[in-house]
Amino acid sequence: MPANKVCDFCLSESKGLFSRYEALPDGHMICRDCKQKIRRYNLPVEYDLFQLLVVSDPYMREMIMGNYLEQHTADETIVKFFPQPPYQLHKGEHLINETDASIKVSKAGIPYTVAVDVIGNITGHMINDIPDAPAGVEAEVVKGKLYETDIALYFISEHFINCHRLSDMVRTGDDPAAIHVLEKKLTFTYSTENTDMFFMRDTLYHKIVAAQANKKQNLIYINSENTMTLTPGIYSIPRNIRAGTYYISALNDLGLNLRDVNGHLHDISNLERVMLNEGTLLECTGEYQLRINPKKTTPEE
């Protein structure tokens, strides 16, 4: 009897003769549910990072991003997912997100002039910052583009431009249909599709920047054939670390956690030894020395 097929995206197993599991051109299997989820986000149906993110539980997403960055350099991830756009930005500015959006504003507050439509040409006097329409006034829904860069959040429509500090963007992600900005006592509600994708891209970009800034610190120092020192970083097993049993010694006891294949986090900094298996991650915030247990050891070791 043939073995059941397993979806490489959600890891579910086919059951029954009528389970719809499809082989992709690269050989990965996908179930019907995952295929539908990926298409709802307007992503190509293929095995890649954001396809895995959109079908995964939200609590797993940062772990998946971290694992991806363990297998790919920060520079190549930036090039792949955050290429420079065909339009001009301000000098030194990098694009994170671009999406269709709309905001409901007071009709009387909309200018008659035509706004600049290129971020790189925007100057301070061109910014209108028109907030949500107050209750009881005649309002109009204005469509435009919402852009997030590493400098600011822009909403550009035909007749006006809003520009916000990134720190004013509400990042709780509680509203699946809008991105909210709270600026002093003013609110700006930008209706969008796939709002969680906007925040996933934001999270990934800042993880990449952090990885670039800390790449010299995220190191394993080999002290001897069986001993190594971990500095702050995330390490996959067995890509970075050989699977096996290790003795743990704290050099700077700020935290050493093991994230298992199910995404659960375990504090192992207080253990004397630990078994490290393939498919798990070590998340190190301190500095620890690991000594692998030789095949033949004495009880005193």
Open item on the list: Can you sort 91, 5, 207, 15 by solvent-accessible area, 1.4 Å probe, largest first?
Closed with: 91, 15, 5, 207
Open item on the list: Can you sort 57, 48, 175 by solvent-accessible area, 1.4 Å probe, largest first?
Closed with: 57, 175, 48
Open item on the list: Compute the angle between helix 195-214 and the longest alpha-carbon principal axis of the chain, please, reported from 0 to 90 degrees and rounded to the nearest 10.
Closed with: 60 degrees
Task: Cβ-based net charge around residue 63, under 14 Å, with every Lys or Arg adding one and every Asp or Glu removing one - done: -2
TODO: Evaluate Rg over Rh across the chain, taking Cα atoms for both radii and Kirkwood's formula for Rh.
DONE: 1.07
TODO: Calculate the length of the line joining the C-alpha centroid of region 67-136 to that of region 278-292, in whole Å.
DONE: 39 Å
- [ ] Report the accessible area of residue 266, computed with a 1.4 Å probe over the heavy atoms of all protein chains in place, in Å² rounded to the nearest 10.
- [x] 80 Å²
TODO: Please report the relative contact order for the chain, taking Cα pairs under 8 Å with a sequence separation of at least 6, and give it as a percent rounded to a whole number.
DONE: 12 percent
Task: Calculated on alpha-carbon atoms, Rg and Dmax of region 1-126 in Å - done: 21.1, 72
- [ ] Give the ranking of 118, 141 by solvent-accessible surface, highest area first, calculated with a 1.4 Å probe.
- [x] 141, 118
TODO: Sum up the charges of everything whose Cβ sits under 9 Å from the Cβ of residue 99, counting Lys and Arg as +1 and Asp and Glu as -1, but leave residue 99 out.
DONE: -3
- [ ] Specify the angular offset, from 0 to 90 degrees and rounded to the nearest 10, of the alpha carbon long axis of helix 61-71 from the longest principal axis of the alpha carbons in the chain.
- [x] 60 degrees
Open item on the list: Check the chain for me: any Cys whose beta-carbon has no other cysteine beta-carbon within less than 4.7 Å?
Closed with: 10, 34, 163, 284
Open item on the list: I'd like the accessible area for residue 193, computed on protein heavy atoms only with a 1.4 Å probe and all protein chains in place. Round to 10 Å², please.
Closed with: 140 Å²
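The values are calculated or read from the model by the stated rules, or taken from the named source; none is laboratory data. This one's a predicted model, so the numbers in the text were calculated from it and none came from an experiment. Every residue, glycine as well, gets a Cβ built from its backbone with ideal geometry; the counts of neighbours run over all protein chains shown. The accessibility values were calculated without ligands, DNA or RNA, using every heavy atom of the protein model including side chains. Shrake-Rupley method; radii C 1.70, N 1.55, O 1.52, S 1.80 Å.
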